[in-house]
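The values are calculated or read from the model by the stated rules, or taken from the named source; none is laboratory data. All figures in this text were calculated on a predicted structure; none of them were measured in a lab. FYI the Cβ positions are ideal-geometry reconstructions off the backbone, even for glycines, and counts take in every protein chain you see. Quick note on the areas: whole protein, heavy atoms, side chains included, nothing else; ligands and nucleic acids left out. Shrake-Rupley method; radii C 1.70, N 1.55, O 1.52, S 1.80 Å.
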Amino acid sequence: STEHPNTRAGRVDPVRVFGKYLTSIGHPKAFMIAVDAAQRRAPKPPYLFSEDDIDTFFGVCDELEPDEKEPSMNIVLPAAFLFMHCMGVRTCELKILVENVNFKTGEVIIIDAKTGGRVVYMSEELSEFLFKYNLLIEKIFPRHKYLFPASVSRSRNDFAERFREIWTSNVSAMEHGGPRLYDFRHHLLYRNVELCMRNGDDVNVLRPYIMRHMGHKLPESFQYYFHLSPPIRKEVSKIKNSLDWMIPDIPEVPYE
């Protein structure tokens with residue numbers, strides 16, 4: 001009952017195709033799973049954060065109080081959320097080994113990633129912030145193994161659930177919908193695309209660097225986010241409107 005529909009569909013689809021294959025080679029009694037069984041769920045559209053969203057959310061994080069059961073959460077959560085926002089890693093990649101973080105160079109080795117391990121680099125400001133954070137966490141969790149120790153022995157959805165709780169309790173009044181922690185990953189990409197366009201740079205030059213940083217293997221992943229960027233959609237809309245006069249709508253003509 002806790003399995004995601006897309007995970008279930010991933011298991012069922014090959015069995016359905018195998019049933020079709022058996023039928024095609026002369027086994028009419030072979031069982032074939034119905035087409036409408038275990039259908040995939042359409043992915044939720046990414047939430048596009050505004051600058052007010054970001055400021056409000058991290059302002060709330062700065063005011064978090066220690067929890068009786070988990071006294072370190074008011075320290076760990078803001079740091080983990082900031083890392084997500086600045087680095088655009090996957091939620092499951094927050095389980096980062098301290099030994100894989102170089103606070104001097106900003107180098108972070110991401111392991112057990114969806115598409116294989118990779119190296120990403122933090123800004124000088126983020127490296128300095130996390131260095132100070134790590135010194136503080138060391139006092140609470142001596143010789144801790146993970147950069148964000150609150151994620152140890154919990155499901156990878158723990159941070160996502162805490163993000164949702166904070167957002168729902170404090171930022172929902174902005175009426176922009178309900179984002180997920182994962183949407184910080186989306187934000188990094190389309191924000192960089194936006195800055196690239198604003199500076200007049202070639203987005204195609206940016207693409208391989210962003211793909212490598214985010215762990216994308218296929219260009220289609222980048223193109224998906226490229227079209228999400230608000231300024232890009234705005235420019236496309238302007239171009240369309242300016243050309244409507246010379247490309248009029250043509251009534252649909254049925255084929256004979």
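Starting from the Cα gyration tensor of region 1-40, take the square roots of the eigenvalues, sort them a ≥ b ≥ c, and report rounded, prolate or oblate (rounded when a/c is under 1.5, otherwise prolate if a/b is larger than b/c, else oblate).
Judged from the Cα gyration tensor, region 1-40 comes out prolate (a/c at least 1.5, a/b above b/c).
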Considering only protein heavy atoms and a 1.4 Å probe, what is the carbon-and-sulfur percentage of the accessible area of region 36-79?
49 percent
Per residue solvent-accessible surface (Å²) - region 1-73, probe of 1.4 Å:
74 Å²
Work out the length of the dipole vector of region 1-59 about its Cα centre, built from +1 on the beta-carbon of each Lys and Arg and -1 on the beta-carbon of each Asp and Glu, and round it to the nearest 20 debye.
800 debye
Can you list residues whose amide H is under 5 Å from Glu107's amide H, if they're 5+ apart or on another chain and H is modeled 1.01 Å from N?
Asn102, Met122
Just want to confirm a number: the relative contact order over region 1-107, from Cα pairs under 8 angstrom separated by 6+ residues, in percent.
16 percent
Subtracting the Cα-Cα distance of Met211 and Arg41 from 0.36 nm times their residue separation yields 58.7 nm
